[in-house]
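K.L.:
This is the structure, below, for whatever I ask next.
The values are calculated or read from the model by the stated rules, or taken from the named source; none is laboratory data. Model, not experiment: these values are computed from the prediction. Note that each Cβ is placed from the backbone with ideal geometry, even for glycine, and that neighbours are counted across all protein chains shown.
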Amino acid sequence: DTGVSQDPRHKITKRGQNVTFRCDPISEHNRLYWYRQTLGQGPEFLTYFQNEAQLEKSRLLSDRFSAERPKGSFSTLEIQRTEQGDSAMYLCASSLAGEGSTKGQYFGPGTRLTVL
Amino acid sequence: AQKVTQAQTEISVVEKEDVTLDCVYETRDTTYYLFWYKQPPSGELVFLIRRNSFDEQNEISGRYSWNFQKSTSSFNFTITASQVVDSAVYFCALSDADRGSTLGRLYFGRGTQLTVWP
């Protein structure tokens, strides 16, 4: 049973460029979450999907951010016109919704974004 | 609104000491879930435990134990006989019941950096 994977692990970009991150959840998990973590802080929720449907978006998710999960499997998070304030670790997590789910959200290793 | 407070920013102990990490939460929901995660220097968040609001029974897993008290809205985590490998940032988190399922978004505290010295 492989865990949550994220690609790339590190991304350095210049301000104004677009970036896209990918997350592959645990295969049987139908929920997928995106969080952002800055230094010294706990992760902050961005958005989540159940299957293909995006169920909730945080107000942290400005218009420059968009997330998709087209086939209910992997997900992508795109940031357009990056700003230095976007520098953070972007974390993906997955879980199994519904009865019988007794565990937590399982996190990937994260993508560390640095905007110069 | 949901909120998690971890008042201890940093804790340092010497190996074999017991240490308790505090977590206080706020929620108006009657059904909710509490979690602890460990984030070692490698950065990946590791799930440790989930506790449901309707189950106040304390839990022990090896050297780890958790004390859930609804009366004080606390969910504290104790490591007995700490080891150097326990050094990490520990996060407490809260989730409400969402759309009839068991887990919604997680609300995290700011974390407690635990350093265990040899």
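K.L.:
Considering every residue within segment A:92-104, establish whether at least one is of a type outside the set (Gly, Ala, Ser), crowded, with 16+ Cβ neighbours inside 10 Å and at pLDDT 95 or above.
P.N.:
Checking segment A:92-104: at least one residue is of a type outside the set (Gly, Ala, Ser), crowded, with 16+ Cβ neighbours inside 10 Å and at pLDDT 95 or above.
K.L.:
Quick check on this structure: which one of B:ASN58, B:ASN52 is within 15 Å of the chain's Cα centre (by Cα) and more than 14 Å from B:ALA93 (Cβ to Cβ)?
P.N.:
Exactly one residue qualifies, and that residue is B:ASN58.
K.L.:
Looking only at segment B:40-54, count how many residues are away from every other protein chain (no Cβ under 11 Å) and over 19 Å from B:THR5 (Cα atoms).
P.N.:
Number of matching residues: 3.
K.L.:
Against the condition among the small types (Gly, Ala, Ser), within 14 Å of chain A (Cβ to nearest Cβ) and in contact (Cβ under 8 Å) with a residue 24 or more places away in the chain, how does B:GLY111 come out, does it pass?
P.N.:
Considered against the rule, which asks whether it is among the small types (Gly, Ala, Ser), within 14 Å of chain A (Cβ to nearest Cβ) and in contact (Cβ under 8 Å) with a residue 24 or more places away in the chain, B:GLY111 comes out as yes.
K.L.:
Could you grab me the full set of residues in segment A:26-74 that are touching a Leu at 6+ places or on another chain (Cβ under 8 Å) and farther than 28 Å from B:VAL4 by Cα?
P.N.:
If the condition is that a residue be touching a Leu at 6+ places or on another chain (Cβ under 8 Å) and farther than 28 Å from B:VAL4 by Cα, then A:GLU28, A:ARG69 are the ones that fit.
K.L.:
Also: The conditions are (1) of a type in the set (A, V, I, L, M); (2) over 30 Å from A:ARG112 (Cβ atoms); (3) not in a loop (DSSP other than H, G, I, E, B), and B:ALA81 fails exactly one of them. Which is it?
P.N.:
(3)
K.L.:
What residue, of B:THR27, B:THR31, is touching a residue at least 40 places away in the same chain (Cβ under 8 Å), β-branched (Val, Ile, Thr) and exposed (fewer than 15 other Cβ atoms within 10 Å of the Cβ)?
P.N.:
Criteria check complete, one pass: B:THR31.
K.L.:
Here is a follow-up. Of all residues in segment B:4-39 being modelled with pLDDT under 95 and more than 11 Å from chain A (Cβ to nearest Cβ), which is nearest to B:ASN67 (Cα to Cα)?
P.N.:
B:TYR32
K.L.:
What are the residues in segment B:64-106 that are within 10 Å of another protein chain (Cβ to nearest Cβ) and modelled with pLDDT of 95 or more, if any?
P.N.:
Once the filter is applied, which keeps residues that are within 10 Å of another protein chain (Cβ to nearest Cβ) and modelled with pLDDT of 95 or more, segment B:64-106 yields B:VAL89, B:PHE91, B:CYS92, B:ALA93.
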